[in-house]
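Taken together, the values in this text are just the output of simple stated rules run on the coordinates, not laboratory data. All figures in this text were calculated on a predicted structure; none of them were measured in a lab.
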Amino acid sequence: MKRLIGMTAALLLATAATAASAQTAAVSAADKDDMQCFALVAYLAGQHEEGSPEQTGLAGGMMYFLGRLEGRAPGTDWLKLLADYILEPDDARLGAELEAQRERCGGVLQDRGQALVEWGATVSASVEARGD
């Protein structure tokens, strides 16, 4: 699998100078799911031009999954664990694992995006009804 590039690489590699071959610490199934989605979205973000709308949107997805991780276990160094996971030596296994999660992770982001669209419509309608 290609190494992360651009802002994604800088973010992750800065936290992993000595941890490239370290294994990810034991994490819950929910944490592993979110780690996989973060890694997949980070990889996809690295495939786009630096600062492009696509990369910016994917960075929002990375923040979403990082926020879920931090919300379940505040104080955990998730960026280090994510770097350890992404930089593990078996690129082929990691690539296959992430590709298998593409539909699930994309579905999570699409569901949350739709919820935000619906929320925005509700708030806008309420503001209009008040005459603000």
Along segment 35-42, what does the Karplus equation 6.51 cos²θ - 1.76 cosθ + 1.60 (θ = phi - 60°) give for ³J(HN,Hα), rounded to whole Hz, x for Gly and Pro? 5, 4, 5, 4, 4, 5, 5, 4
Computed on Cα atoms, the radius of gyration and Dmax of segment 53-102 in angstrom are 12.5, 31
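Just subtract the alpha-carbon distance of S124 and A73 from 0.36 nm times their residue separation and send over the number in nm, one decimal. Mind dumping the intermediate values first?
Values: separation 51, 0.36 × 51 = 18.36 nm, distance 3.42 nm.
Computed gain between S124 and A73 is 14.9 nm.
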Taking the C-alpha atoms of segment 39-122, how large are the radius of gyration and the largest Cα-Cα span, Dmax, in Å? 14.2, 48
